[in-house]
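A short worksheet on the structure shown next.
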């Protein structure tokens, strides 16, 4: 199946449940989460090493 046909089938299925605006919001949320994941993978921070700085009172 060509990519265009597959994309059309997915869009048709999405249109059954979501408006065009909702599809746009979902797409942007997916793009944002994907970006965060790529940044974390690129910089490779180690969880648990962060310490909250002491605040002078």
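At-a-glance table
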read-out: Label-point separation in nm, residue 16 to residue 33, each point 7 Å along Cα→Cβ; value: 2.1 nm
read-out: Separation of alpha-carbon centers, the range 5-26 and the range 27-43, rounded to whole Å; value: 21 Å
read-out: Two-site label geometry, residue 7 and residue 46: point separation in nm, points 7 Å out along Cα→Cβ; value: 4.3 nm
read-out: On Cα atoms only, tilt of 3-17 relative to the major axis of the chain in degrees; value: 80 degrees
read-out: Folded to 0 to 90 degrees: helix 20-43 orientation relative to the chain principal axis, Cα; value: 40 degrees
read-out: Tensor-based shape of the range 3-43 (alpha-carbon gyration tensor, a/c under 1.5 rounded, otherwise prolate or oblate); value: oblate
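Any read-out appearing in this document is the output of simple, stated calculations on the displayed coordinates, not a laboratory observation. Every value quoted in this text rests on a predicted model; they were computed, and no experiment measured them. Reconstructed Cβ throughout: ideal geometry from the backbone, glycine too, with neighbour counts over all protein chains shown.
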